[in-house]
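Notes follow the structure.
What follows is calculated from the coordinates using simple rules that are stated; it is not laboratory data. Note that this is a predicted model, so its numbers are computed, not measured. Reconstructed Cβ throughout: ideal geometry from the backbone, glycine too, with neighbour counts over all protein chains shown.
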Amino acid sequence: MSEKLRVGVIFGGRSGEHEVSIASAASVLKALDADKYEVVPIGITGEGHWLAGVDPQPLLQGATMEDAVQKGEATAVTMTGDPTSRGLVPVESPDDDPDAGGQHPQRPLDIVIPVLHGTYGEDGTLQGLLEMADVAYAGCGVLGAALGMDKDKAKMVFRTAGLPIVDWLTIRRVEFERDPEAVCARIAERFPGAVFVKPANMGSSVGVGKAHNAEELPGVVAEALQFDRKAIVEPAINCRELECGVLGNDEPIASVVGEVVPSNEFYDYRAKYVDNASRLYIPAEIPPETMETLRRLAVDAFLALDLSGLARVDFFLDKDSGQVYLNEVNTMPGFTQISMYPKLWEASGVPYPQLLDRLIQLGLERHAEKRRNRTRYSPEE
Ligand SMILES: Nc1ncnc2c1ncn2[C@@H]1O[C@H](COP(=O)(O)OP(=O)(O)O)[C@@H](O)[C@H]1O
Ligand SMILES: [Mg+2]
């Protein structure tokens, strides 16, 4: 019998960032220390089907998760919220020997790493299921994940916490569909220049657009509202983009700050993942005092949203005014070996495999901490 910690790595998912998640998971699986962990890769298809034993690597070359089922490598499983049924339940092949290949889910998982970006993974929904099942997991809890995902609500909390943010307006699909002219007029009145429009709940720049003028606005708004029933509108800032890694639970620490120089007019999906021409500078070439300000703001943002485990906190530095703005947090940032978050930690003295060890440890600590809470009460006691 193995004494290794049994780690489920969940990836894919019902999200516009499905492919990005597969790339992150391939790196994570490669780097998890096989001497310490028995790893169960769990792919979730674009339709939401859970499959244990899927290797993400071939998916990067065009294979599908269903191919892995056909080959007998993957087993359908379902996640239940019932702790007594041990969370993850095999749907097929109930005779699988749990000690045979290490890919089968009968033995309970000690911890899950949700390497999922975007909806149904980074937004608190999966976290809720794992909480119900009493399964430990790496990363943010339900509230932190949900707040981190919702750009509108995150900004409300940041504003309340006194953190510097770009002013914004929230618009809803229902009002835009009813009266697009009125919505565009309201935006133009509030922000007369160029604006960014972004789905409130999304990431990887999916659905994000820049309207340079009033003519472009309706199309950009319509695009953003395809991905969520809410979108946020912000004035466009002529900015440098700076990012900081945060790691920890109740006493988080910040990494060095890095800079992204996008290959396009802004850091859109192509510039992030397709054209390979955006540049990362770690550490960013900024004055030491700006670096310290950003690191402090990153920890403040982390605590304001009640995050845990990890987050990448992204900033804009206004090239014209020098003003720093907190843009957004990513509670499951891109996690390939060459992604910003792992590279920031590498530059701060935490190499990739140790970063994974730390995230697992933080997830276990958080789970243990929550178990200390009483869930029964009787006034006579
Ligand atoms: N107000 C803004 N001013 C200038 N650029 C912006 C603004 N908002 C977004 N962008 C650009 O769009 C990119 C994606 O927006 P962001 O808010 O980070 O959403 P996502 O969650 O999709 O990464 C940013 O990295 C930046 O390049
Ligand atoms: Mg971003």
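Once the dipole of the chain is set up with Lys and Arg at +1 and Asp and Glu at -1 on Cβ about the Cα centre, which of Pro287, Gly349, Gly219 lies farthest towards its positive end? Positive-most Cα among the choices belongs to Pro287.
By other beta-carbon atoms within 10 Å, ranking Arg279, Arg372 with the fewest at the front produces Arg372, Arg279.
If the segment from Glu285 to Glu19 were pulled out straight at 0.36 nm per residue, it would be longer than the present Cα-Cα gap by 92.6 nm. Structural descriptor for the chain: relative contact order 16 percent, calculated from alpha carbon pairs under 8 angstrom and at least 6 residues apart.
Using the Kirkwood radius built from alpha carbon pairs, what does the Stokes-Einstein equation give as D for the range 208-254 at 10 °C and 1.306 mPa s, in µm² per second? Walk me through the numbers on the way to the answer.
Working: Rh = 13.7 Å.
The estimated diffusion coefficient comes to 116 µm²/s.
Please identify the helices of the chain, taking whole runs of DSSP H, that span at least 27 Å along their own axis as judged from the Cα atoms and have a mean Kyte-Doolittle score of -1.0 or higher. What comes out of the filter, once short or polar helices are dropped, is 352-371. Among Lys319, Lys272, the order by Cβ neighbours within 10 angstrom, fewest to most, reads Lys319, Lys272.
Suppose R0 equals 35 Å; then what is the FRET efficiency for Gln61 and Ser321 from their Cβ-Cβ distance, rounded to the nearest 0.05? If you can, show how the numbers build up before the last one.
Details: r = 46 Å, r/R0 = 1.32.
Computed FRET efficiency for Gln61 and Ser321 comes out at 0.15.
Dipole magnitude for the chain: about 520 debye, using +1 per Lys or Arg Cβ and -1 per Asp or Glu Cβ, origin at the Cα centre.
All Cα-Cα distances of the chain, cut into 10 Å bins from zero to the largest, leave 5, 23, 32, 24, 13, 4, 0 percent in each bin in turn.
In whole percent, what relative contact order does the range 139-264 give with Cα contacts below 8 Å and a gap of six or more residues? Each step should come with its number before you reach the end.
Working: 175 pairs, mean separation 29.7, N = 126.
Once normalised by length, the contact order is 24 percent.
What are the equivalent ellipsoid semi-axes of the range 221-288, built from the alpha-carbon gyration tensor (square roots of five times its eigenvalues), in whole angstrom, biggest first? List each step's numbers first, then the result.
Values: eigenvalues 134, 72, 33 Å².
Ellipsoid half-lengths, sorted descending, are 26, 19, 13 Å.
With a simple spin-label model that places each label point 7 Å from the Cα along the Cα-to-Cβ direction, the separation between Leu303 and Asp167 comes to 2.9 nm. Evaluated over the Cα positions of the range 169-235, the convex hull gives a direction-averaged projected area, one quarter of its surface, of 3.6 nm².
Between Glu17 and Thr119, the built amide H atoms are under 5 Å apart, and every one of these is 5 or more places off in sequence or on another chain. So which lysines can Lys210 reach, going by Cα to Cα under 24 Å and dropping same-chain residues fewer than 8 places off? Filter leaves Lys151, Lys153, Lys155, Lys198, Lys230, Lys272, Lys319.
State to the nearest 20 debye the size of the charge dipole of the range 1-80 about its Cα centre, where the only charges are +1 on K and R beta carbons and -1 on D and E beta carbons.
Working: 6 positive and 11 negative charges, 27 e Å.
Dipole size: approximately 140 debye.
Straightening the chain between Asn213 and Lys36 buys 58.2 nm, computed as 0.36 nm per residue apart minus the Cα-Cα spacing.
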